[in-house]
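Data block below; observations after.
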Amino acid sequence: MAAKRTRKPKLAVWKFASCDGCQLSLLDCEDELLAVTGQVDIAYFPEASREYIRGPYDLSLVEGSITTPHDAERIHKIRRQSKVLVTIGACATAGGIQALRNFGDVKEFTRLVYPSPQFIETLKKSTAIADHVFVDFELRGCPISKEQLVEVINAYLHGRKPAVPTHSVCVECKRRGTACVMVASGIPCMGPVTQAGCGALCPAYNRGCYGCFGPMETPNTPAASGAFSRLGMNEDGIIRTYRSFNAYAEAFRRESERHEPTNH
């Protein structure tokens, strides 16, 4: 008698407002991805395949922020179809670089950029997926670390919690023997308040961290801003430092707003 075929878990990858960079990180896994595909059925992943298998899905990876009314409706449908939903990248976890519009008047932006702004249907803010539906796990980065992505997929396939660090980039600098660029060279660096994940790439080349992985766990942003100020950075520079890939992450947003002229 033939053995009963065990159903593979179904994996789906979804895109909202984003640059596709985090999906490309998944494709860049190469050998690791081949191992993953042996354990799952990739049911929906337009970046990689035309194949479409209907849900429900055991694991959904979601890239991109919510920026339109259609997005806001669609993410609820995806959540209902997904046993586990993981957001990947700065856009999905913090609104992305497009969340810079949250600090201004989106109608004014569309008027200046588009010749026929009346045809643009958009929300006032670009927001993270977790602002709309329950998210099982947020994987940070712009783009994400492919090693961390493989770890997250592997963890959920085997019913365990992902082992992704929440400490700062400073720990990565120490591990690789990189001298602190703020202490040694007087270069402003977001490393003390940014979550690890990149391997301290920028400091290894004597450049300050840009905060690609968003706020670390319990970041002391006022202390970091004080260090930036002592290195000669003005208030406008401090605001710009926090308003990049993760501008609308709570800790970075609050700190940037604290340095606005109206708050002085």
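The values are calculated or read from the model by the stated rules, or taken from the named source; none is laboratory data. Bear in mind that the values here come from a model prediction, so they are computed numbers and not experimental data. Here the Cβ is made from the backbone with ideal geometry for all residues, glycine too, and neighbour counts use every protein chain on show.
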Next on the checklist: of a type in the set (Phe, Trp, Tyr), under 18 Å from the mean Cα position of the chain (by Cα), modelled with pLDDT of 95 or more and surrounded by 16 or more Cβ atoms within 10 Å (Cβ to Cβ): is that true of residue 252 in this structure?
Outcome noted: yes
Checklist entry - Somewhere in region 199-209, is a residue buried (at least 19 other Cβ atoms within 10 Å of the Cβ) and either at pLDDT below 95 or among the β-branched types (Val, Ile, Thr) (or both)? => result no
Item to check | So residue 216, is it crowded, with 16+ Cβ neighbours inside 10 Å and farther than 17 Å from residue 96 by Cα | outcome: no
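One line per residue, one yes/no per condition, for (1) modelled with pLDDT under 90; (2) under 30 Å from residue 252 (Cβ atoms); (3) of a type in the set (Ser, Thr, Tyr):
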site: 16; (1), (2), (3): no, yes, no
site: 33; (1), (2), (3): yes, no, no
site: 49; (1), (2), (3): yes, no, yes
site: 59; (1), (2), (3): no, yes, no
site: 75; (1), (2), (3): no, yes, no
site: 81; (1), (2), (3): no, no, no
Checklist entry - From the list 18, 65, which residue is in contact with an Asp or Glu (Cβ under 6 Å, 6 or more places away or on another chain), closer than 20 Å to residue 139 by Cα and surrounded by 22 or more Cβ atoms within 10 Å (Cβ to Cβ)? => result 18
Next on the checklist: Yes or no: region 83-93 includes at least one residue that is closer than 24 Å to residue 223 by Cα, of a type in the set (A, V, I, L, M, F, W, C), in contact with a Cys (Cβ under 9 Å, 6 or more places away or on another chain) and surrounded by 13 or more Cβ atoms within 10 Å (Cβ to Cβ).
Outcome noted: yes
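Yes/no matrix, rows are residues, columns are (1) aliphatic (A, V, I, L, M); (2) within 16 Å of residue 146 (Cα to Cα):
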{"site": "24", "(1), (2)": "yes, yes"}
{"site": "32", "(1), (2)": "no, yes"}
{"site": "42", "(1), (2)": "yes, no"}
{"site": "50", "(1), (2)": "no, no"}
{"site": "53", "(1), (2)": "yes, no"}
{"site": "56", "(1), (2)": "no, no"}
{"site": "68", "(1), (2)": "no, no"}
{"site": "79", "(1), (2)": "no, no"}
Next on the checklist: I'd like the residue in region 34-62 that is within 23 Å of the chain's Cα centre (by Cα) and of a type in the set (Asp, Glu) and, out of all such residues, is surrounded by the fewest Cβ atoms within 10 Å (Cβ to Cβ).
Outcome noted: 47
Item to check | strands (runs of 3 or more DSSP E) wholly inside region 1-120 containing at least 1 residues that are within 24 Å of residue 210 (Cβ to Cβ) | outcome: 10-15, 57-63, 82-88
Next on the checklist: Pull out all pairs, ordered by first then second residue, where Cβ-Cβ is under 9 Å, the residues are six or more apart or on different chains, the first lies in region 250-264 and is aliphatic (A, V, I, L, M), and the second is in a helix (DSSP H, G or I).
Outcome noted: 251/193; 251/221; 251/242
Item to check | Filter pass, residue 116 being surrounded by fewer than 22 Cβ atoms within 10 Å (Cβ to Cβ), outside the structural domain of residue 224 (by TED's automatic domain parsing) and at negative phi | outcome: yes
